[in-house]
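Bear in mind these aren't lab numbers, they're just calculated from the coordinates by the rules spelled out. Source: prediction; values computed, not measured. Glycine also receives a Cβ, built like all others from the backbone with ideal geometry; neighbour counts cover every protein chain displayed.
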There are 2 protein chains.
Amino acid sequence: MVNTSATSETEARILEAATRIFRAKGRDGAKMQDIADEAGINKALLHYYFRSKDKLFEQVFRDSSAIFFSRLNEILQSDLELFTKIRRLCDAYITMTMENPFIPIFIIGEVNRNAESFITNIFSGNGIKPEFKSLEKQIAEEIRSGRIRPVRAEELLMNILGLCIFPIIAKPMMQHNMSLSDKEFNRIMDDRKKTIPAMIIDSIKKKNT
Amino acid sequence: MVNTSATSETEARILEAATRIFRAKGRDGAKMQDIADEAGINKALLHYYFRSKDKLFEQVFRDSSAIFFSRLNEILQSDLELFTKIRRLCDAYITMTMENPFIPIFIIGEVNRNAESFITNIFSGNGIKPEFKSLEKQIAEEIRSGRIRPVRAEELLMNILGLCIFPIIAKPMMQHNMSLSDKEFNRIMDDRKKTIPAMIIDSIKKKNT
DNA sequence: ATACCGTTTAACCATTTGGTTAACAAATAT
DNA sequence: ATATTTGTTAACCAAATGGTTAAACGGTAT
């Protein structure tokens, strides 16, 4: 045995290649031969390390999801003050999505195509499900102290994620409709790291009447 | 000849079936046999009416895109007052996306998978590209009159679409993470028809200081 | 009646694709 | 040294898939 750890070097190479191909082409669009080529190995090796396309896909999907959700968890569960938390979330999700827009597109598309059972199976077990209660508690505190007006934690998160992620995953349409160059688009998204949290905080902060 | 109009009944049936299958499974996931079965006809008929899978897909993709973009256009180019326009946009896009969440997921996914040339080709010709200038002009007016603070039309639209569409296309994740039943989720999205425009208008309205 | 033309089908074909097998190579253990 | 296990490959296979063909069907005109 060359490698005592769970994953050999080859296995890692396969996983990287599979991730790239699956994210770009989706489960059905990706061919095992594509992945083998991308990894620079024989197709049969894919089946040696991962039994089937399904198993390989599941692994890639799990990992991709974990990247996005674990970050959410991390920030949600931190003991940052609420407004800071909001700013961090926006910054993290814009940065992360800009660097890898394939991931949310991939997740949304695949979750949509696959049966409920598949999703439940994938999303359970690993620390993917965020500890949502902590945010709810924190918001309740802030409401009680009179700093913010009553809001649902769900809405707050929907707003943050929608504002940060959507324009990036819909980038081709946005650019086409609004005639934006890559440079302009990037600048706008960079601005939004500030404007989105400002807007969100303003929408929940109690105004002095 | 049984039918003088451009599209025979069978052709329409095929198109409907293809739309359902393509939206649900994506270009690669959809099989010609699936579509034939769904339409209740022989596979060869698909090729009789539409030369190839590619051609059939292109047609479906064009139509699906048109549904979403033509509505945007319609509202943008109306002579509604700005705040009303915002409310209309939110209502229209939440309603439309709730009724057919597959469409934006489908568009985003396919646009992402296909080459730039494909997109440009698809999006040009038919009235898909929204007349964006009219909104920009309207906003400029409102800024000059001092009713709203300076904002970019691009950001405004990104905000509206992100807030309205994203939570719905990411529904399975949202529901899973936040433990929301279908009923709760629907109620929240229905509320958002009001809360989103309120939030957006509030964010651009000039406050009396 | 029958020739004609658009529509529809069953059967077929070539290629692609996920997966297997058997043999070969390279470590590792005895 | 040599048997054994692990990693890797080329060749192969069966099923699925997009697409074609030739024949049949059903009106319509002659």
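Using only helices, what value at 222 nm comes out for the protein assembly as shown when you add -39,500 (n - 2.57) per DSSP H run of length 4 or more and divide by the total residues, to the nearest 500 deg cm²/dmol?
Working: 22 runs with 318 residues, N = 418.
When only DSSP H runs of four or more count, the value is -24500 deg cm²/dmol.
Evaluated over the range B:62-204, the count of Lys pairs having alpha-carbon atoms less than 22 Å apart is 11 (only pairs 8 or more residues apart or interchain). With contacts taken as Cα pairs under 8 Å at a separation of at least 6 residues, chain A carries a relative contact order of 22 percent. Counting only trypsin sites (Lys or Arg not before Pro) that DSSP places in a loop and that have at most 14 other Cβ atoms within 10 Å, the longest clean stretch of chain B runs over B:52-146. Across the identical copies, the label point of A:GLN77 (7 Å from Cα in the Cβ direction) is separated from its matches by 5.2 nm, in order from shortest. Scan the range A:92-153 for GluC sites (Glu not before Pro) in coil per DSSP, keeping those whose Cβ has at most 13 other Cβ atoms within 10 Å, and list them by number. Of the GluC sites (Glu not before Pro), the ones in loops of the range A:92-153 whose Cβ has at most 13 other Cβ atoms within 10 Å are A:GLU131.
Each Lys or Arg adds one and each Asp or Glu subtracts one; over the other residues with Cβ under 14 Å from the Cβ of A:ARG62, this totals 0.
Sorting the Cα pairs of chain A by distance into bins of 5 Å, from 0 upward, gives 1, 6, 13, 15, 15, 14, 12, 10, 6, 4, 2, 1, 0, 0, 0 percent per bin. Seen from every direction in turn and averaged, the convex hull around the alpha carbons of the range A:12-92 projects onto 6.2 nm². Scaled against the 2.2 N^0.38 Å expected of a compact globular protein of N residues, the Cα radius of gyration of the range A:148-209 reads 1.35.
The charge dipole of the range B:1-159, taken about its Cα centre with unit charges on the Cβ of Lys, Arg, Asp and Glu (plus for the first two, minus for the last two), comes to roughly 220 debye. For chain A, complete DSSP H runs whose alpha carbons reach 20 Å or more along their own long axis and whose mean Kyte-Doolittle score is 0.5 or higher are A:153-169.
Could you compute the net charge surrounding B:ILE143? Neighbours are other residues with a C-beta less than 12 Å from the C-beta of B:ILE143; K and R count +1, D and E count -1.
Here the count lands on +4.
With label points defined 7 Å past Cα in the direction of Cβ, position B:ALA198 shows copy-to-copy spacings of 2.4 nm, given to one decimal and shortest first. Computed from the Cα positions only, the extents of the protein assembly as shown along the three principal axes stand at 71, 68, 42 Å, in decreasing order. Distances between equivalent label points of A:SER124 across the copies, with each point positioned 7 Å along Cα→Cβ, amount to 5.1 nm, shortest listed first.
What you get for the protein assembly as shown, charging only the Cβ of Lys and Arg (+1) and of Asp and Glu (-1), is a dipole of about 940 debye around the Cα centre.
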